[in-house]
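J.: My questions will all concern the structure given below.
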Amino acid sequence: MKVKLKIAILLLTITFLSFKSIQEPVLFSVPANFPKPDYPFENNPITVAGVELGKTLFYDAALSSDNTISCGSCHQQSAGFTQHGHILSHGVNDRLSKRNAMPLFNLAWASNFGWDGIAPHLDLFAVSPITNPVEMDESLENILEKLRATPLYADLFEKAFGSREINNDRLLKALSQFMLTMVSANAKYDRYVRKEGLKLSDIESEGLVLFKQKCASCHSGELFTDFSFRNNGLALRERDKGRFEISQNDADIYKFKVPSLRNLTYTTPYMHDGRFATLEQVLEHYAAKVEKTDYLDPILNKDGKVGIEMNTDEQKKIIAFLKTLDDEDFVKNPMFSESTLISDIPKKNIDVEIKNFTINDADTRALFKQGIETYFKIKAAIAKKNTLEAAEGARVLIKTLNRVRITEAAQKSFFENYQEKLFLDAKRIIEGERFFAHQFDHFDELSEHLYILLASFKVNDRVLYFNECKRSDMKWISDSATDSFVPDNCNDVHTKTLNL
Ligand code: HEC
Ligand code: HEC
């Protein structure tokens with residue numbers, strides 16, 4: 001009986017799904033507890049083909065000058081579309097930007113973009129990271145040229161906009177379409193206010209009451225921001241004057257956009273420069289460390305009292321409430337993730353970077369061999385999602401390859417260049433010691449850089465294989481052509497042999 005019921009439900013679901021796929025799937029809808037969106041959809045209606053193009057662009061490193069950084073490099077889904085583990089975001093050549101990457105969600109409700117509100121419209125924002133020398137350092141003209149050189153894009157633009165023309169307006173509109181679909185409104189709190197059968201615990205409810213009294217004047221409404229620019233009393237750091245840098249109005253000095261407070265568990269660290277690692281530090285700031293300056297928002301300086309009065313117990317309750325704003329469905333929704341792209345991602349041909357060097361020195365070869373074995377240990381740990389073991393492996397890999405000495409000048413500089421990249425990847429894996437998604441995000445780059453080194457120096461003494469998923473960036477090295485390490489969503493692997 002039970003089995004029959006299950007089958008009936010399954011059949012119903014299949015019928016429902018196939019019916020849905022004849023119609024357009026719902027790409028954007030306003031959650032019942034949200035206000036009316038701000039974005040003018042009439043100028044850029046969202047379509048399946050437009051979103052697909054936008055997503056392909058979002059995850060395409062061709063948007064950066066050296067083809068290494070995509071929007072998705074700094075805006076990672078598992079981190080609420082921030083750059084996990086980074087206080088300040090890293091762009092091309094690992095240049096540091098002066099700010100912490102902002103989370104991306106519920107952008108249809110925002111009326112300005114960036115910590116300083118540099119763009120009044122979502123469609124205009126992408127120009128800023130693309131052209132910023134510390135982010136993607138590329139020009140729109142060059143990007144259009146690169147996109148025009150791949151037939152894939154002409155097809156995608158045609159499906160999205162009706163002709164094969166590739167221009168700025170279409171590029172930016174497609175990026176917006178994809179970003180607009182990123183709606184986060186399924187946290188415990190949302191399901192509680194929508195009365196979907198979920199209750200807040202006592203401490204969470206008490207936290208909500210306190211939050212309304214103490215925080216909601218700025219972090220207001222269901223979006224948890226009023227989109228204004230304010231100074232919340234952080235110790236001033238000269239190098240960034242916030243909103244003033246755009247408006248040149250003295251009244252805006254050291255003001256930054258009031259951010260949403262959704263998904264905080266995923267988006268650490270906090271504030272425009274990522275200065276706080278934990279919510280405890282944030283609450284302690286408001287309770288005890290608000291700096292009284294000429295710039296401080298009057299709400300934080302009422303009746304001669306600087307900051308927000310809260311004891312540690314109240315701070316704990318507010319934090320418990322803030323955690324009810326974490327939306328796990330959002331950070332795991334495959335609609336937004338790179339690996340489910342419908343089309344193949346245009347791949348840069350990394351083989352052009354491979355050199356034809358030889359190393360005869362036995363010690364050096366032995367170190368490389370150890371490096372390969374350590375890589376396989378990291379890979380096995382990643383396969384088991386054992387983050388501690390993967391981080392340990394990454395430490396050993398750095399130690400081992402640090403001992404490699406190459407004397408010939410051209411070989412030495414090539415080696416050092418890739419060694420630096422590889423170490424950076426290994427450090428990301430160490431950073432992800434307790435965060436699997438971060439390790440997984442960086443494992444493909446580690447594999448790519450090691451592959452380029454091995455293929456250039458031909459130091460392996462058994463045949464190895466380099467594997468790439470066609471529809472995502474995932475890459476890995478294996479010692480068998482039919483390797484069991486195939487990540488989810490990678491049913492289309494391309495394998496090449498690394499000869500001896
Ligand atoms: C090098 C890292 C980096 C890259 C690459 C990057 N961003 Fe960002 N993004 C940031 C940072 C840092 C901010 C905050 C910017 C500021 O205030 O100056 C930000 C902010 C944003 C915002 C504003 C969000 C809000 O709520 O105000 C949007 C939208 C955005 N990025 C989209 C994109 C798109 C689209 C791309 C690709 C074309 C991209 N980003 C590439 C780091 C990056
Ligand atoms: C006077 C307005 C105001 C009040 C009141 C206020 N905040 Fe903020 N909050 C801000 C501003 C502005 C920022 C961004 C500051 C920056 O980065 O320079 C911010 C940032 C934050 C952040 C960092 C979010 C991120 O994504 O980096 C958290 C968390 C936060 N506030 C929590 C709270 C809590 C909890 C309360 C109540 C105890 C509160 N805020 C009260 C204005 C306010």
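J.: Output yes when any residue across the stretch 434-454 is in a loop (DSSP other than H, G, I, E, B), on the phi < 0 side of the Ramachandran plot and in contact (Cβ under 8 Å) with a residue 12 or more places away in the chain, and no when none is.
T.: Among the residues of the stretch 434-454, at least one is in a loop (DSSP other than H, G, I, E, B), on the phi < 0 side of the Ramachandran plot and in contact (Cβ under 8 Å) with a residue 12 or more places away in the chain, which makes the answer yes.
J.: Here's another thing I want to ask about it. Taking the stretch 209-224, which residues are touching a Ser or Thr at 6+ places or on another chain (Cβ under 9 Å) and within 8 Å of ligand 2 (Cβ to nearest atom)?
T.: Passing the criteria: 218, 219.
J.: Also, quick follow-up: Just one of 184, 205, 217, 260 is part of a loop (DSSP other than H, G, I, E, B), of a type in the set (S, T, N, Q) and surrounded by fewer than 18 Cβ atoms within 10 Å (Cβ to Cβ); which is it?
T.: Answer to the selection: 217.
J.: A further question on this structure: Could you run through the stretch 32-70 and say how many residues are under 30 Å from residue 421 (Cα atoms), among the aromatic types (Phe, Trp, Tyr) and not in a loop (DSSP other than H, G, I, E, B)?
T.: 1
J.: I would also like to ask the following. I need every pair where a residue in the stretch 151-177 that is at negative phi has its Cβ under 7 Å from the Cβ of a residue that is basic (Lys, Arg) and not in a helix (DSSP H, G or I), sequence separation at least 6 or different chains.
T.: These pairs meet every condition: 154/164; 157/164; 158/164.
So that you can scan it fast, the table gives a plain yes or no per residue for (1) within 13 Å of ligand 1 (Cβ to nearest atom); (2) over 23 Å from the mean Cα position of the chain (by Cα):
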| residue | (1), (2) |
| --- | --- |
| 227 | yes, no |
| 241 | yes, yes |
| 245 | yes, yes |
| 253 | no, yes |
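J.: If you go through the stretch 186-195 one residue at a time, do you hit one that is more than 23 Å from the chain's Cα centre (by Cα), closer than 26 Å to residue 256 by Cα and among the charged types (D, E, K, R)?
T.: No, every residue in the stretch 186-195 fails to be more than 23 Å from the chain's Cα centre (by Cα), closer than 26 Å to residue 256 by Cα and among the charged types (D, E, K, R).
J.: Could you check the stretch 69-85 and list, in sequence order, the residues that are over 18 Å from residue 429 (Cα atoms) and either touching a Pro at 6+ places or on another chain (Cβ under 8 Å) or more than 10 Å from ligand 1 (Cβ to nearest atom) (or both)?
T.: Passing the criteria: 71, 80, 81.
J.: Is there a residue in the stretch 405-416 that is touching a strand residue (DSSP E or B) at 6+ places or on another chain (Cβ under 7 Å) and outside any loop (DSSP other than H, G, I, E, B)?
T.: Taking every residue of the stretch 405-416 in turn, none turns out to be touching a strand residue (DSSP E or B) at 6+ places or on another chain (Cβ under 7 Å) and outside any loop (DSSP other than H, G, I, E, B).
J.: Let me ask something else. Being outside any loop (DSSP other than H, G, I, E, B) and among the aliphatic types (A, V, I, L, M) is the filter; apply it to the stretch 95-123 and report the residue that is farthest from residue 229 (Cα to Cα).
T.: The extreme case among them is 96.
J.: Which residues, counting only those in the stretch 106-120, are modelled with pLDDT under 95 and away from ligand 2 (no atom under 16 Å from the Cβ)?
T.: 119, 120
J.: If you don't mind, another one. Return the only residue of 310, 271 being within 15 Å of ligand 1 (Cβ to nearest atom) and either touching a Leu at 6+ places or on another chain (Cβ under 7 Å) or of a type outside the set (D, E, K, R) (or both).
T.: 271
J.: Now for a separate question. Have a look at 112, 100, 93 and point out the one that is more than 8 Å from ligand 1 (Cβ to nearest atom) and in contact (Cβ under 8 Å) with a residue 24 or more places away in the chain.
T.: Going through 112, 100, 93 in turn, just one is more than 8 Å from ligand 1 (Cβ to nearest atom) and in contact (Cβ under 8 Å) with a residue 24 or more places away in the chain: 93.
J.: The conditions are (1) assigned by TED's automatic domain parsing to the domain that holds residue 79; (2) touching a residue at least 40 places away in the same chain (Cβ under 8 Å), and residue 211 fails exactly one of them. Which is it?
T.: (1)
J.: Additional query: Within the stretch 277-294, take every residue that is closer than 22 Å to residue 241 by Cα and surrounded by fewer than 19 Cβ atoms within 10 Å (Cβ to Cβ) and give me the one that is nearest to ligand 1 (Cβ to nearest atom).
T.: It comes out as 277.
J.: While we're here: State the number of residues belonging to the stretch 140-174 that are acidic (Asp, Glu) and loosely packed, with under 14 Cβ neighbours inside 10 Å.
T.: Qualifying residue count for the region: 4.
J.: Sort out which residues of the stretch 438-492 are buried (at least 19 other Cβ atoms within 10 Å of the Cβ), modelled with pLDDT under 90 and among the β-branched types (Val, Ile, Thr), and write them in order of number.
T.: 459
J.: Quick check on the stretch 263-286: of everything there that is polar (S, T, N, Q) and assigned to a loop (DSSP other than H, G, I, E, B), which residue is farthest from residue 115 (Cα to Cα)?
T.: My answer is 278.
J.: Return only the number of the condition from (1) under 17 Å from residue 297 (Cα atoms); (2) without any contact (Cβ under 8 Å) to a residue 60 or more places away in the chain that residue 229 does not satisfy.
T.: Only one criterion is unmet by residue 229, namely (2).
J.: Separate question: Is there any pair linking a residue in the stretch 261-276 that is at negative phi and of a type in the set (Ser, Thr, Tyr) to one that is part of a helix (DSSP H, G or I) and within 6 Å of ligand 2 (Cβ to nearest atom), with Cβ under 7 Å and at least six apart or on different chains, and which?
T.: Every condition considered, the pairs that remain are 270/282.
J.: Next question. Please indicate, with yes or no, whether at least one residue in the stretch 269-285 is of a type in the set (D, E, K, R), away from ligand 2 (no atom under 12 Å from the Cβ) and out of contact with any His (no Cβ under 9 Å at 6 or more places or on another chain).
T.: no
J.: Given (1) farther than 30 Å from residue 178 by Cβ; (2) touching a Gly at 6+ places or on another chain (Cβ under 9 Å), identify the lone condition not met by residue 357.
T.: For residue 357, the exception is condition (2).
The values are calculated or read from the model by the stated rules, or taken from the named source; none is laboratory data. Everything quoted here is computed from the prediction, not taken from an experiment. Positions of Cβ are backbone-derived with ideal geometry, glycine not excepted, and every protein chain shown enters the neighbour counts.
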